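First comes the structure, then the notes that go with it.
Taken together, the values in this text are just the output of simple stated rules run on the coordinates, not laboratory data. Because the structure is predicted, anything quoted here is derived from the model rather than measured. Neighbour counts are summed over all protein chains in view; Cβ atoms, including those assigned to glycine, are modelled from backbone coordinates with ideal geometry.
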Amino acid sequence: MNFSKNLPNFTLYEKKNIYLIFFLPISLLINSTFTNITTFLIICIFLLDCKRDKKIFFLKDRNFYFLIGFNIYLILNSVLTGINSDSLIRAVGFFRYILLAYAIYYYLNINNRQYEKVIFKFWTFVFIVVTIDLIFEYIFGFNLLKFQSNYEGRLASFTGDELKIGGFYFAFIMISTIFIKNYNNRIFYIFFIIFLTVSLLIGERSNFIKIFFMSFLFFLLLKNISFYKKIISILFITIISCFIIYNSELLKNRFYDSTIDLFTLEFSKTRSNHICQYNTGIEVFKDNPIFGVGLKKYRLESWKEKYAHPKPDGNVHYCGSTHPHQVHFEILSELGIVGYILLIGYFIYFIFKNLKKFKNNDDDYALVSTLFILASLLPIIPSGSFFTSYTATLFWINYSIALRNFKTFD
């Protein structure tokens, strides 16, 4: 598939960055080092383009100033909670995600969005390759590169032992679905059913719940289809999901029994360790309610003796980890109530404004990316660390697309 012929005759810098943006999803499938290098190069070329055009457009956007304000809080928080090199580096490094979001936004919108279609086309191509690979792995037990999961009931695909393909699928499923919908509305439903089924077969309960939630709202809000078609679509994705889960003992255990534990907040060592981690996150927050323990310091704090949980046999169980495995508990425990109000308060505003703007336009890309942000912030549901390279890059890619509703670029 030749994507080069679709690129208009723009500058060498622009073309280089388009290829880097092409590569961004692939870098996520390789490792964090490739992702960080790709991100760094995208930002550098983007800033060179802004300097050449003498137009730093993002300085006109109030969202940019809020994110800068939050970044400053991260740095101050790292100092106030006790200087730690890892914490300070991560706090300063958060700035790259702000620039990455505006860089992707820039190239999606430049010259009347001439790059948009080819970027989404390539991302969808990568997503379909990943989908084929996951189906292959589900059938044969290993993927096209001979990678295989070391966890029963989970698929690994190109991420290998890291078992984080569910996050990738969650981030790109609706972007790819919208591209196919715009390309050929007749096959849109067929591909969506395939994507939804594969997201379930991956075996990552939390990401599937988020995908299902996002899909439910998408069909509910989708324009240009009748109310009855919306209801039929929602019922169909519900029925097919329940049917697949019911006919698999592994999926039934992961999606029913473990979910009951989560929503009843009961910890069972034979089922899920998440509730124990949640409790530790809550306890760390209670001990450090204003500013938290500091960015990336939870991994040290959570292993302290005072957070050990007693067991019936008289021993203790430690639930320390790199993060509490739930985005709200992570922000509360590491950044305190101040950081939580700043970040979550902003995203509530951002989501509300975007959904309100959708009433007056038909930008499905902005809609699904906004729904991704909303689904990423669901309470109780387990999540990866919000500030790690992998999760953060996926999040800010979607943020950059949702940002288009604010019409920052002109």
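Taking the centroid of alpha carbons for each part, segment 119-185 and segment 292-307 are 34 Å apart. Applying D = kT/(6 pi eta Rh) to the chain, where Rh is the Kirkwood radius over alpha-carbon pairs, T corresponds to 25 °C and eta to 0.890 mPa s, the Stokes-Einstein value obtained is 110 µm²/s. Can you tell which of 233, 32, 208 lies farthest toward the positive end of the dipole of the chain, using +1 and -1 charges on the Cβ of basic and acidic side chains (Lys, Arg; Asp, Glu)? Of the options given, the answer is 233. For the chain, a crude dipole built from +1 on the beta carbon of Lys and Arg and -1 on the beta carbon of Asp and Glu, taken about the Cα centre, is about 1320 debye to the nearest 20. Using R0 = 30 Å, the C-beta based FRET efficiency linking residue 362 and residue 132 works out to 0.50. Here residue 347 and residue 121 are evaluated by their C-beta separation; at R0 = 30 Å the FRET efficiency comes out at 0.55.
Using a 10 angstrom Cβ neighbour count of at most 15 plus a DSSP loop assignment to flag exposed GluC sites (Glu not before Pro), which longest range of the chain is free of such sites?
On the way: sites that count: 152, 266.
So the longest stretch without any such site is 1-151.
If you take the alpha carbon atoms of segment 74-179 and fit the smallest convex hull around them, that volume is 147 Å³ per residue.
Between the amide H of residue 309 and those of 317, 318, 319, distances stay under 5 Å, these residues lying 5 or more places away or on another chain, with hydrogens modeled in the peptide plane.
Please check: in the Gaussian network model of the chain (C-alpha springs, under 10 Å), which one of 60, 230, 357 has the largest mean-square fluctuation. In the Gaussian network model the winner is 60. Positive end of the dipole of the chain (Cβ unit charges, origin at the Cα centre): among 282, 150, 360, the Cα lying farthest that way belongs to 360. Near the amide H of residue 292, within less than 5 Å, lie the amide hydrogens of 336, 337, all on another chain or at least 5 residues away, with H placed in the peptide plane.
When the inverse distances between all different Cα atoms of segment 268-410 are averaged and flipped, the Kirkwood radius reads 16.6 angstrom.
For a quick check of your reading of the filter: which trypsin sites (Lys or Arg not before Pro) in segment 135-207 sit in a DSSP loop and have no more than 15 other Cβ atoms within 10 Å? Counting only loop positions with at most 15 other Cβ atoms within 10 Å, the trypsin sites (Lys or Arg not before Pro) in segment 135-207 are 146, 186.
Give, rounded to the nearest 20 debye, the magnitude of the charge dipole that segment 322-405 has about its Cα centre when Lys and Arg contribute +1 at Cβ and Asp and Glu contribute -1 at Cβ.
Numbers: 5 positive and 5 negative charges, 58 e Å.
That gives a dipole near 280 debye.
Separation of the alpha carbons by more than 24 angstrom is noted, of 16/121; 210/304; 164/210; 296/357, for 210/304; 296/357.
Qualifying trypsin sites (Lys or Arg not before Pro) in segment 299-356, where qualification requires a DSSP coil assignment and no more than 10 other C-beta atoms within 10 Å, are lacking entirely. Taking each residue as 0.36 nm, the span from residue 338 to residue 223 lengthens on full extension beyond its C-alpha to C-alpha distance by 37.6 nm.
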